[in-house]
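We did not get these values from a lab; they are worked out from the coordinates using the rules stated. Being a predicted model, the structure only gives us computed values, none of them experimental. Note that we place each Cβ from the backbone using ideal geometry, even for glycine, and neighbour counts take in every protein chain shown.
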Amino acid sequence: MKTAYDIIIRPIITEQSMEDLDIKKYAFEVAKDATKIEIKKAIEEIFDVTVIKVNTLNVNGKAKRTGSYPMGKTASWKKAIVKLSEDSKNIELFENMA
């Protein structure tokens, strides 16, 4: 049985994700085998908010040069964009970032 902290790995803090804070959209890196329902329950459990929509996408690893012939590659990962309800409180983790 996975806990909520096994599903949600870390928040994603970029310029684009910071622009979506005013419409209550938050981005997280999640476990690769996590489903939308598991992600929704984990976010609601950890942050005590109401989630109305979850979008997920798989981010493929990029090819990286290692300086010699064998080409390296960064890890592939899964991203979740979570939309909160209008009456839900904001996630405090992102409060002082914008």
Rank by packing, highest mean first: peptides 37-44, 58-65, with packing defined as the count of other Cβ atoms within 10 Å averaged across residues.
37-44, 58-65
Expressed as a rounded percentage, what relative contact order does the chain have, with Cα pairs under 8 Å and six or more residues apart?
30 percent
Cα→Cβ-extended label distance, 7 Å offset, between residue 90 and residue 6, nm:
3.3 nm
Mind giving me the nanometre distance, one decimal, between the label points for residue 32 and residue 64, set 7 Å out from Cα along Cα→Cβ?
1.6 nm
Taking springs between alpha-carbon atoms closer than 10 angstrom, which of 48, 87, 20 fluctuates most in the Gaussian network model of the chain?
87
Per the rule of 0.36 nm per residue minus the C-alpha distance, extending residue 52 to residue 18 adds in nm 10.3 nm
Which one, 74, 42, 90, projects farthest toward the positive side of the charge dipole computed for the chain from Cβ point charges (K/R +1, D/E -1)?
74
May I ask you to give the average projected area over all directions of the convex hull of the Cα atoms of the chain, in nm² rounded to one decimal?
7.6 nm²
Net charge dipole size for the stretch 1-93 [Lys, Arg +1 and Asp, Glu -1 on Cβ; Debye, nearest 20]
680 debye
Which angle between 0 and 90 degrees, to the nearest 10, do you get for helix 36-47 versus the longest principal axis of the chain when only C-alpha atoms count?
60 degrees
